[in-house]
Amino acid sequence: AQSVAQPEDQVNVAEGNPLTVKCTYSVSGNPYLFWYVQYPNRGLQFLLKYITGDNLVKGSYGFEAEFNKSQTSFHLKKPSALVSDSALYFCAVRLISLGAGSYQLTFGKGTKLSVIP
Amino acid sequence: NAGVTQTPKFRILKIGQSMTLQCTQDMNHNYMYWYRQDPGMGLKLIYYSVGAGITDKGEVPNGYNVSRSTTEDFPLRLELAAPSQTSVYFCASSYPDRGDTQYFGPGTRLTVL
């Protein structure tokens, strides 16, 4: 079974400061890893994904994430936070190998990011 | 392109009523999904489809049914609504490229009273 943990329900950061939203995962094989953002009353928007290769993945809106296989982590980062980054962030994992259930994304519970002006 | 569209945006049902949540995508994606989102619980997969005529259960399928007669449409049916089905429902679609990124609709907020 695959699972995702986002250990922080909420992260507060001052505008202009770097931000990190944490994600750890558990899968029995090699993972695809995703970050999505959800603004109030909206659907989820894709930010970035890790498939293979370079452990540092760059995505939309200046976000990046670092894949760390030994720590089974995929933390989301941004060098300088904006007030408009305030939203709910979801980490998700999917197994690479095809097979029963491999199409399923397993989501974390989400982390609410608040950027304070 | 409209992407993934869902109707209705909001709906209130009485216990025991039935309804169909509509989902359409115009990206020619093979894969489509239905999720429900409960507060503080992330998203749970209800059903998914890998192509027209092929559907399969996800993590929480009880109380729901789906069909996939075309590539574009993937309706979700609630036959006997229960208060436990009060949730926000999201439809998503993807193409089986490397990474299989899922694209989400705006959601349907359903309340069962």
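Side notes on the structure shown:
- Summed residue charge, Cβ within 12 Å of B:THR108's Cβ, Lys/Arg positive, Asp/Glu negative: +4
- Across A:GLY16, A:GLY43, A:GLY62, mean-square fluctuation computed from a Gaussian network of chain A (C-alpha pairs under 10 Å connected) peaks at A:GLY43.
- For B:SER67, the amide hydrogen comes within under 5 Å of no other amide hydrogen, counting only partners 5 or more places away or on other chains and with H modelled in the peptide plane.
- Restriction of the trypsin sites (Lys or Arg not before Pro) in region A:1-101 to DSSP coil positions whose beta-carbon has at most 15 other beta-carbons within 10 angstrom yields A:ARG42, A:LYS69.
- For the set A:LYS109/B:LYS57; A:LYS22/B:LYS57; A:LYS58/B:LYS57; A:LYS49/A:LYS78; A:LYS112/B:LYS44; A:LYS49/B:LYS9, the pairs lying more than 24 angstrom apart at their alpha carbons are A:LYS22/B:LYS57; A:LYS58/B:LYS57; A:LYS49/B:LYS9.
- Derived scalar couplings ³J(HN,Hα) [region A:108-117; Karplus, 6.51 cos²θ - 1.76 cosθ + 1.60; whole Hz; x for Gly, Pro]: x, 7, x, 10, 7, 9, 10, 9, 9, x
- ³J(HN,Hα), Karplus 6.51/-1.76/1.60, whole Hz, each residue of region B:33-48, x for Gly, Pro: 9, 10, 10, 10, 10, 9, x, x, 10, x, 10, 10, 7, 8, 9, 9
- Residue mean of other protein chain beta carbons inside 10 Å, B:41-48: 5
- Amide H contacts for B:GLU59 (H built 1.01 Å from N in the peptide plane; partners 5 or more residues away or on another chain; cut-off under 5 Å): B:LEU45, B:ILE46.
- Loop trypsin sites (Lys or Arg not before Pro), region B:1-106 (other Cβ atoms within 10 Å of the site Cβ: 10 or fewer; DSSP): B:LYS9, B:LYS14, B:ARG98
Bear in mind that the values in this text are calculations on the coordinates, not laboratory data. Since this is a predicted model, take the numbers as computed values, not measurements. Here Cβ is always computed from backbone atoms with ideal geometry, including for glycine, and neighbour counts include all displayed protein chains.
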